[in-house]
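Student: The structure that follows is given in the form of structure tokens.
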């Protein structure tokens, strides 16, 4: 899975990188002790300036998710996965609730939204079972 920055989003590129790294850690793609891509490597992958990656890594370090080891790279901390899950779960739940509120204001019924959510979750569960 490649990390990309979407220049059309209102979210700043460094924040998009933070969210992408948190998602990877929260989802188990990177675990405690894993080394993240170098600043230059991630910048090339995400098509951004290395300073943007540096800013994202500093923010992740401030969250306690990663730790830079002078010259050796940036690594996921022992508490990184739990911190990433907590951060992303809170943010994504907030986004979901805002989207639901917006949908209700736009005229969707609670019943139609509930049906859409249930259908989507059933499809996700079915896909997870097929890939297991």
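Student: Would you list the helices (runs of 4 or more DSSP H) that sit entirely within the stretch 27-127 and hold 3 or more residues that are touching a residue at least 40 places away in the same chain (Cβ under 8 Å) and within 20 Å of the chain's Cα centre (by Cα)?
Tutor: Ranges flagged: 50-62, 80-105.
Student: Okay, moving on. For residue 28, indicate whether it is touching a strand residue (DSSP E or B) at 6+ places or on another chain (Cβ under 7 Å) and at positive phi.
Tutor: Judged against the criteria, residue 28 is not a match.
Student: For the list (1) touching a helix residue (DSSP H, G or I) at 6+ places or on another chain (Cβ under 6 Å); (2) over 15 Å from residue 59 (Cβ atoms); (3) in contact (Cβ under 8 Å) with a residue 40 or more places away in the chain, I need the number of the one condition that residue 14 fails.
Tutor: Of everything listed in (1) touching a helix residue (DSSP H, G or I) at 6+ places or on another chain (Cβ under 6 Å); (2) over 15 Å from residue 59 (Cβ atoms); (3) in contact (Cβ under 8 Å) with a residue 40 or more places away in the chain, residue 14 misses just condition (2).
Student: Every residue in the stretch 44-66 that is touching a helix residue (DSSP H, G or I) at 6+ places or on another chain (Cβ under 7 Å), over 21 Å from residue 87 (Cα atoms) and surrounded by fewer than 20 Cβ atoms within 10 Å (Cβ to Cβ), please.
Tutor: Within the stretch 44-66, 49, 50 meet the criteria.
Taken together, the values in this text are just the output of simple stated rules run on the coordinates, not laboratory data. Note that the structure is a prediction, hence the values are computed from the model and not measured. Backbone-built Cβ (ideal geometry, glycine too); neighbour counts: all protein chains shown.
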